[in-house]
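I have placed the structure first, in the form of structure tokens, so that the comments after it can refer back to it.
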Amino acid sequence: DLPALPVPGDTSVLAGVYGPAEAKLSKELPDRAALEVLLRPKVGLPGVLERSREQLLRQTCEAVVLGVLHPRTAITLVLQVLSDAGSLLSCCLNAACIGLLDAGLPLSSLFCGVTCALDPDGTIILDPTTRQEQEARAVLSFAIDSSERKVLMASTKGSCSIEEMQQCLAAAQRAADTIFQFYRDSVRRRYSKS
Amino acid sequence: KENCRPDGRELGEFRATTVNIGNIFFSLGSITTADGSALVKLGNTTVICGVKAELAAPAADSANKGYIVPNVELPSLCSERFRSGPPGEEAQAASQFIADVIENSQMIVKEDLCIANGKLAWVLYCDIICLDYDGNLLDASVFALLAALKNVQLSSVTINEETGLSEVNLKQKTPLIIRKHPVATSFAIFDDTLLIVDPTAEEEDLATGTVTIVTDEEGRLCSVHKPGGSPLTGAKLQDCITRAITRHKEVKKLIDKVIKSITPK
């Protein structure tokens, strides 16, 4: 129904949001909408990694979507990876949020995804490329919400010290401002034409 | 009663893992057919991990690395919420989480598993099976995995120069080299005000989010796993991390005590 396509660098993910539609009896929840996320990789069949990412995305969206307004319905979010040049998880998060926005679903707040890589000498790199991610000793992805810049989702790869994590989190929260501005501009552009 | 949970615990209290040696009940070496095994009970949550070591040729692009293949199973016998059939999302996400913990913490360096560069390496199949699901699966699984790996004895393998075949000597065994000891601590979040440690299944169902922090003995963070759910401030996250570090010390002491008590052979 409604595709959305944010592009940090050369990573691009297409998001399609369908719903709220009638849910299958086995999947329907009596008091809220049932959210389902399907992540399709560029090449190959979805595997365990995609499943774990789907779980992260689904629970992040569930925290934000006001599902209680649409009980016994199903909302499906399909994400197709078109190209991957690093920071894939945050690209998926951004695509998901814009998709939900575009679909007009009631949300309690917006969220954005930011990935930070810690390279071997401790510098923080935001939105790393695939090469930077491989060389980094830790890659941290956060989903930051728009109302109070709190952490909605956190996922880390590699190990880091606690201070480094806090620094990355602070950097991500600052970067979130730029991304939310981008959301605003995109939505304004889309609706000002029509 | 304020600040008290249905089973009488405080918010920051872990479940008494049946007393065998300390707080957590676990036994090592229960499965005789596996190369290493451990059974962990965290309250009612029971998880068993069996490690089998087999031989294989290393991959072409990483000729000096072995493999570690974790697999978490949530059979229908552990809880009525799981149906029999292909692994559901929770089992797959847990398997991915365990694989990430092994990789992030570098608890086993894959190069240590190599026997002959490009020809032969060990593959460790780690099967983690939940026997009784009462919440906090990730903590119990990581613990079971760590204990089982500490229990693993690898036979010595040599490659016969003339025939080029491998010869396994079952009598000569060396323990697996474990470099780091990651410990997971899970919290359940309720509407971004309340944080409780070690949730039971009932508490998990009612919670609005969960966080799992994995730390190693140097106080480094191996994983911060917060799959969505209610938002948390940075300060609250820091509280979780501090609690996780304390927990790590308790668990490490326990593991060391048990290992010491079974080692004299």
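The values are calculated or read from the model by the stated rules, or taken from the named source; none is laboratory data. Fair warning: this is a prediction, and the values are worked out from it, not measured in the lab. Cβ coordinates were reconstructed from backbone atoms using ideal geometry, including for glycine residues, and neighbour counts include every protein chain displayed.
Does B:Ser30 qualify as being assigned to a loop (DSSP other than H, G, I, E, B), modelled with pLDDT of 85 or more and more than 14 Å from chain A (Cβ to nearest Cβ)? Give the derivation first.
Values: assigned to a loop (DSSP other than H, G, I, E, B): yes; modelled with pLDDT of 85 or more: no; more than 14 Å from chain A (Cβ to nearest Cβ): yes.
Taking the combined requirement at face value, the residue does not satisfy it.
Assigned to a helix (DSSP H, G or I) and either farther than 26 Å from B:Ile189 by Cβ or not polar (S, T, N, Q) (or both): which single residue out of A:Gln173, A:Gln132, A:Gln167 fits that description?
A:Gln132
Only residues that are without any contact (Cβ under 8 Å) to a residue 40 or more places away in the chain and either more than 12 Å from chain B (Cβ to nearest Cβ) or of a type in the set (A, V, I, L, M) (or both): list them for region A:123-137, please.
Residues satisfying the conditions are A:Thr123, A:Ile125, A:Gln134, A:Glu135, A:Ala136.
Is it the case that region B:170-188 has a residue that's at pLDDT below 90, within 19 Å of B:Gly12 (Cα to Cα), in a loop (DSSP other than H, G, I, E, B) and within 14 Å of another protein chain (Cβ to nearest Cβ)?
No, that holds for no residue.
Scan (1) within 21 Å of A:Gln59 (Cβ to Cβ); (2) away from every other protein chain (no Cβ under 13 Å); (3) of a type in the set (Phe, Trp, Tyr) for the single condition B:Trp122 breaks and write down its number.
It fails just one condition, (1).
Counting just the residues of region B:210-237 that are facing chain A (nearest Cβ under 7 Å) and more than 19 Å from the chain's Cα centre (by Cα), which one comes out modelled with the lowest pLDDT?
Out of the qualifying residues, it is B:Gly228.
Can you tell me which residue in region A:14-42 is farthest from the other protein chains (Cβ to nearest Cβ), limited to those that are assigned to a loop (DSSP other than H, G, I, E, B) and over 27 Å from B:Thr210 (Cα atoms)? Write out each step before concluding.
Taking region A:14-42 as the starting set, the residues that turn out to be assigned to a loop (DSSP other than H, G, I, E, B) are A:23-33, A:41-42.
Filter once more, keeping what is over 27 Å from B:Thr210 (Cα atoms): A:24-25, A:42.
Numbers: A:Lys24: 15, A:Leu25: 15, A:Lys42: 19 Å.
Residue satisfying both the conditions and the ranking: A:Lys42.
So in region A:138-164, with the set limited to residues that are without any contact (Cβ under 8 Å) to a residue 40 or more places away in the chain and assigned to a helix (DSSP H, G or I), which one is nearest to the other protein chains (Cβ to nearest Cβ)?
A:Ile162
Which residues, counting only those in region B:197-219, are touching a helix residue (DSSP H, G or I) at 6+ places or on another chain (Cβ under 8 Å) and surrounded by fewer than 21 Cβ atoms within 10 Å (Cβ to Cβ)? Let's see the steps before the verdict.
Taking region B:197-219 as the starting set, the residues that turn out to be touching a helix residue (DSSP H, G or I) at 6+ places or on another chain (Cβ under 8 Å) are B:197-198, B:208-217, B:219.
B:Thr208, B:Glu217, B:Gly219, listed by residue number.
If the Cβ limit is 8 Å and pairs must be 6+ apart or interchain, which residue in region B:85-110 that is facing chain A (nearest Cβ under 9 Å) pairs with which residue that is among the acidic types (Asp, Glu) and assigned to a helix (DSSP H, G or I)?
B:Glu89/A:Glu54
Is it true that B:Lys252 is more than 14 Å from every other protein chain (Cβ to nearest Cβ), touching a residue at least 12 places away in the same chain (Cβ under 8 Å), surrounded by 14 or more Cβ atoms within 10 Å (Cβ to Cβ) and more than 18 Å from A:Arg149 (Cα to Cα)?
It is true that B:Lys252 is more than 14 Å from every other protein chain (Cβ to nearest Cβ), touching a residue at least 12 places away in the same chain (Cβ under 8 Å), surrounded by 14 or more Cβ atoms within 10 Å (Cβ to Cβ) and more than 18 Å from A:Arg149 (Cα to Cα).
Quick grid of which residues meet (1) crowded, with 22+ Cβ neighbours inside 10 Å; (2) touching a strand residue (DSSP E or B) at 6+ places or on another chain (Cβ under 9 Å); (3) modelled with pLDDT of 90 or more:
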residue	(1), (2), (3)
A:Val17	yes, yes, yes
A:Leu25	no, no, no
A:Leu82	no, yes, no
A:Cys92	yes, yes, yes
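Can you tell me which residues in region B:190-226 are among the small types (Gly, Ala, Ser), within 18 Å of A:Ala154 (Cβ to Cβ) and not in a loop (DSSP other than H, G, I, E, B)?
Across region B:190-226, the qualifying residues are B:Gly209, B:Ser223.
Please determine, by comparing only the residues of region B:97-124 that are in contact with a Lys or Arg (Cβ under 7 Å, 6 or more places away or on another chain) and polar (S, T, N, Q), which one is surrounded by the fewest Cβ atoms within 10 Å (Cβ to Cβ).
Taking the candidates together, the pick is B:Gln106.
Could you tell me which residue of region A:43-80 is farthest from the other protein chains (Cβ to nearest Cβ), considering only residues that are under 20 Å from B:Asp191 (Cα atoms) and small (Gly, Ala, Ser)?
If we take residues in region A:43-80 being under 20 Å from B:Asp191 (Cα atoms) and small (Gly, Ala, Ser), then A:Gly67 is farthest from the other protein chains (Cβ to nearest Cβ).
Given the residues A:Leu79, A:Leu49, A:Leu89, A:Leu56, which is the only one that is of a type in the set (A, V, I, L, M, F, W, C) and assigned to a strand (DSSP E or B)?
Step by step, each of A:Leu79, A:Leu49, A:Leu89, A:Leu56 is checked, and only A:Leu79 is of a type in the set (A, V, I, L, M, F, W, C) and assigned to a strand (DSSP E or B).
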